[in-house]
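Taking it in order: structure first as structure tokens, then the write-up.
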Amino acid sequence: MDRHPAAPVERCAVTPYGRGAGSSRVRVFGWLDRVDAEFTVGSYLSQPDASPARLARHPLAVARAEARLAALARSRPRRLLLHREASPLSRGWWEERLLAGAEFAVYDFDDALMWDHGEGGALRRLAPKSAKARLAVRRADRVVAGNAVLADWAASHQRDVVVVPSCVDLADYTPKSRYALHDPPRLGWIGSRGNEAYLLPVAAALTEVHRRTGARLTLVGTTTPTLGALEAIVDRVPWSTAAQRTALAGMDVGLMPLPDTPYSRGKCGYKLLQYAAAGLPAVASPTGVNAELLTRFGMPAPRTPDEWTDAVLGLLGAHPDTRARTGRAARATTARAYSYDAWLPAWTAALELDTGARAPAGRPAPEPAGRGRTR
């Protein structure tokens with residue numbers, strides 16, 4: 001955390017990751033950068049993730065982070081925004097203390113944490129996210145969910161639930177201006193190492209597209225190979241703010257395959273929004289909120305490997321003007337319906353930072369939160 005609160009803190013935001021992690025950057029820092037209200041921000045280790053391996057490498061930093069959470073809980077902040085979890089080691093005690101101690105507490109989540117039961121290694125199983133997500137939803141005065149799937153679940157445990165999608169800033173992406181195919185064509189994917197495995201179920205389709213067109217796959221994320229035989233057609237670009245800004249515009253077709261599982265159905269479609277922000281035509285699985293986004297963007301929604309092959313080949317074989325119309329229309333839709341500018345009034349109203357803020361058309365601002373929590 002940034003400092004030890006010795007006196008009551010007016011406004012505090014708590015997140016398990018630093019600004020370098022996509023979830024915290026999008027759901028916390030992206031909003032705080034746009035409001036005048038001053039927040040004390042606590043981001044545990046201020047690292048891109050809080051994986052067991054990273055925690056094990058920094059035991060003293062972990063001890064200090066836990067001590068700072070104790071100090072913050074004692075300070076009883078007047079307004080608290082808690083994103084996902086307070087501590088990766090907590091089984092709910094920090095989340096309960098922080099949310100119960102604040103005068104007005106908002107819990108924000110953007111993944112199906114309620115279906116995360118600690119799958120993985122031994123350390124991961126010690127602190128599953130499902131139970132503490134349920135506790136946090138019940139203890140908060142208000143819940144901000146990233147999509148309707150998450151909101152529907154939260155509403156069974158909390159009477160005050162608001163949907164605010166994960167938003168993009170179009171200024172963070174260089175808009176695509178050239179829609180003639182590269183030679184060879186460039187398929188693209190952006191994301192973290194942990195999510196690269198989603199490409200494996202469509203590996204045969206991508207290999208077939210490569211066989212027919214010579215297309216290669218550009219991955220913006222980690223430089224560590226994780227995709228086995230598919231790596232033969234992969235070109236890797238390390239993630240950075242600069243790479244994210246420019247790389248998508250240099251692709252021909254974006255990709256977002258997802259399995260149809262409960263956890264995946266809770267995702268917020270952020271990768272697809274990134275492609276749209278850059279004006280990049282894309283192919284994605286119609287899982288969860290992706291189905292709505294693909295319909296609004298007019299983009300293919302394949303389910304089977306054969307459908308993936310046909311969808312990608314269809315976009316690559318389309319006239320450049322067709323790809324341009326699709327990409328530019330998606331960018332315009334994103335600016336109107338999924339940007340920070342569009343949703344800022346709703347977000348500030350959800351945190352009661354600006355009682356005069358109005359939600360975007362068709363999405364009424366949330367009613368003032370009742371002070372009685374669901375215990």
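The values are calculated or read from the model by the stated rules, or taken from the named source; none is laboratory data. Keep in mind it's a predicted model, so treat the numbers as computed, not measured. Every residue, glycine among them, receives a Cβ derived from its backbone with ideal geometry; neighbour counts consider all protein chains shown.
Annotations
- Residue in the stretch 327-346 that is more than 18 Å from Cys167 (Cβ to Cβ) and crowded, with 18+ Cβ neighbours inside 10 Å present: yes
- Residues that are basic (Lys, Arg), over 22 Å from the mean Cα position of the chain (by Cα) and farther than 17 Å from Met251 by Cβ, drawn from the stretch 184-219: Arg211, Arg212
- Checking the stated criteria, Thr304 turns out not to satisfy the condition of being at pLDDT 95 or above, of a type in the set (Ser, Thr, Tyr), more than 18 Å from Asp172 (Cβ to Cβ) and touching a helix residue (DSSP H, G or I) at 6+ places or on another chain (Cβ under 8 Å).
- Restricting attention to the stretch 128-172 and to residues that are of a type in the set (Gly, Ala, Ser) and free of Cβ contacts under 8 Å to residues at least 12 places away in the same chain, the residue that is surrounded by the fewest Cβ atoms within 10 Å (Cβ to Cβ) turns out to be Ser156.
- Residue among Thr224, Thr207 that alone is at pLDDT below 95 and surrounded by fewer than 20 Cβ atoms within 10 Å (Cβ to Cβ): Thr224
- Taken over the stretch 173-198, the criterion of being of a type in the set (D, E, K, R) and surrounded by fewer than 16 Cβ atoms within 10 Å (Cβ to Cβ) is satisfied by Arg178, Asp183, Arg193.
- Test: residue in the stretch 289-296 that is farther than 23 Å from Ala215 by Cβ, crowded, with 23+ Cβ neighbours inside 10 Å, touching a Lys or Arg at 6+ places or on another chain (Cβ under 9 Å) and at pLDDT 95 or above: yes
- Looking only at residues of the stretch 147-180 that are among the small types (Gly, Ala, Ser) and in contact with a strand residue (DSSP E or B) (Cβ under 7 Å, 6 or more places away or on another chain), we find that the one that is farthest from Gln274 (Cα to Cα) is Ala155.
- Selection within the stretch 152-197 - within 21 Å of Leu313 (Cα to Cα) and among the hydrophobic types (A, V, I, L, M, F, W, C): Ala180, Leu181, Leu187, Trp189, Ile190
- Residue check for Thr222: under 23 Å from Pro320 (Cα atoms), within 22 Å of the chain's Cα centre (by Cα) and of a type in the set (Ser, Thr, Tyr): no
- Leu258 of a type in the set (A, V, I, L, M), crowded, with 18+ Cβ neighbours inside 10 Å, farther than 19 Å from Leu316 by Cα and not assigned by TED's automatic domain parsing to the domain that holds Leu113: yes
- Among the residues of the stretch 318-344, those that are more than 17 Å from Asp172 (Cα to Cα) and in a loop (DSSP other than H, G, I, E, B) comprise Ala318, His319.
- If you go through the stretch 87-100 and keep only what is in contact with a Pro (Cβ under 9 Å, 6 or more places away or on another chain) and modelled with pLDDT of 95 or more, you end up with just Leu98.
- Elements of type strands (runs of 3 or more DSSP E) in the stretch 192-308, at least 2 residues being within 19 Å of Thr333 (Cα to Cα) and of a type outside the set (Ser, Thr, Tyr): 253-256, 282-284
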